[in-house]
Amino acid sequence: MASRAIASYKCYLDIPPTSTQLAGRTAQIVLYDANNAYAGVINFMKTTPLQATTQASGYKIYFQHSSYFRDFVDLLRNEKPLYLLDNDVLGTSEAEPVGEGE
């Protein structure tokens, strides 16, 4: 799977914080590319151990602990451009100046 630019995302919070679809999930972020196709899905879990990353049709499904949800949302809201890199890392492609104030 090649690196993909993230163009948009959707956030979901499970109410109550146990999804009937995926026990132990508290939230989910769906990442989309420029064609509005899934680039990745991140499930935030309150339980450990976490499930392994799985491959879906053209994207991966990741599992993170619920405590990281705010960190991911902060990155998505404040950084651009963002990429889902080959090594399963969500990050920027360019260096940022120190003291930018974000």
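The values are calculated or read from the model by the stated rules, or taken from the named source; none is laboratory data. What you see is a predicted model, and the numbers here were worked out from it, not measured in a lab. Methodologically, a virtual Cβ is constructed for each residue, glycine included, from the backbone with ideal geometry; neighbour enumeration extends over all protein chains shown.
Here are the numbers:
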{"item": "Single unsatisfied condition, Tyr12 versus (1) aromatic (Phe, Trp, Tyr); (2) in contact (Cβ under 8 Å) with a residue 60 or more places away in the chain; (3) surrounded by fewer than 16 Cβ atoms within 10 Å (Cβ to Cβ)", "result": "(2)"}
{"item": "From Ala95, Ala56, residue being more than 15 Å from the chain's Cα centre (by Cα) and among the aliphatic types (A, V, I, L, M)", "result": "Ala95"}
{"item": "Members of the range 37-51 found to be surrounded by 19 or more Cβ atoms within 10 Å (Cβ to Cβ), closer than 25 Å to Ser3 by Cβ and not small (Gly, Ala, Ser), listed by number", "result": "Ile42, Asn43, Phe44"}
{"item": "Condition check for Gln21: out of contact with any Cys (no Cβ under 6 Å at 6 or more places or on another chain), at pLDDT 90 or above and not hydroxyl-bearing (Ser, Thr, Tyr)", "result": "no"}
